[in-house]
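The next block holds one structure in the form of structure tokens; read it before the comments.
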Amino acid sequence: MALITLENALESIGTKGYGIGAFNIANMEMVMGAIQAAEELNSPIIIQVAEGRMKYSPLHLIGPVMIAAAQNAKVPVVVHLDHGSSLSVISQALELGFSSVMFDGSQYPLAQNIEMTKKIKELAKKKGASLEAEIGKVGGSEGDYENIEVLITSVKEAKQFYEETQVDALAVAIGTIHGTYKVAPNLQFNRLNEIKESITCPLVLHGGSGLTDDDFKQCIAKGVKKINIATASFESVVKKVGAMFGNSRDITYFQHSNAVVEATYENVKHHIKIFGSDNRI
Ligand code: 13P
Ligand code: ZN
């Protein structure tokens, strides 16, 4: 169907009460699996790659694959840069034709995060792309960075940040972490609701892997429209490929490739159904 912006994708949700999954991918097979799931379920989808993973998936190679997949898909697809932190990578994504980028300035003091986000908003606007930003700190890491602590987003700061930056989507920290949960997270639904009541900006939930169906549903009811899933897809691939090799020594490279597509497809499909974005086109 089409490559669409994050702004358009989230706008189309309106008050219908569902969320759109943003699935991290690392290679062509994962892109194929994710798009296949969205097409089968008649769902919009966001595919994304994080700046911290570019050692494994160089942007100049994976970017064109993502864009071509979006342009040829039967459903609307947002091609998004996840956790962009450097101006050079964000500019490169915009030059490649990404329809959305995230600037993650959450490690900076609020005023500095606002200033930097405003500059990147101008760059994205020139290219007709959307911008996601973050305040508060989601724990864990998306890439090979040091772990950071969770810092729940303040309502006052969210309000000030949104008023000054007018970003298209705002990632908030409500107790999730990136990666695998060792103990169940203590999600701050009340805080999420307070943020939703104070700003009109669509909210983004990072660290989605490992949350319960009910957690997702509550987050969606409290203003989350974009839900990031990375670890669950990567683990699903490792599990399937591992099981294949465990069972047989006669696996061809192409059987392995198919398993990567299939495992991604299964995980994406599972989450699309929970988020309720199926049959929304
Ligand atoms: P998980 O790896 O915990 O699913 O987090 C995804 C994410 O937030 C990507 O930015
Ligand atoms: Zn994230």
**Prompt:** How many residues, within the stretch 1-37, are at pLDDT below 95 and closer than 18 Å to L61 by Cα?
**Reply:** 0
**Request:** Within the stretch 1-32, count every residue that is part of a helix (DSSP H, G or I), within 16 Å of the chain's Cα centre (by Cα) and buried (at least 18 other Cβ atoms within 10 Å of the Cβ).
**Result:** 6
**Prompt:** In the stretch 36-47, how many residues are surrounded by 23 or more Cβ atoms within 10 Å (Cβ to Cβ), more than 15 Å from the chain's Cα centre (by Cα) and not in a helix (DSSP H, G or I)?
**Reply:** 1
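The values are calculated or read from the model by the stated rules, or taken from the named source; none is laboratory data. All values reported here derive from a predicted model rather than from experimental measurement. Ideal geometry is used to build each Cβ from the backbone, glycine not excepted, and the neighbour counts take in all protein chains shown.
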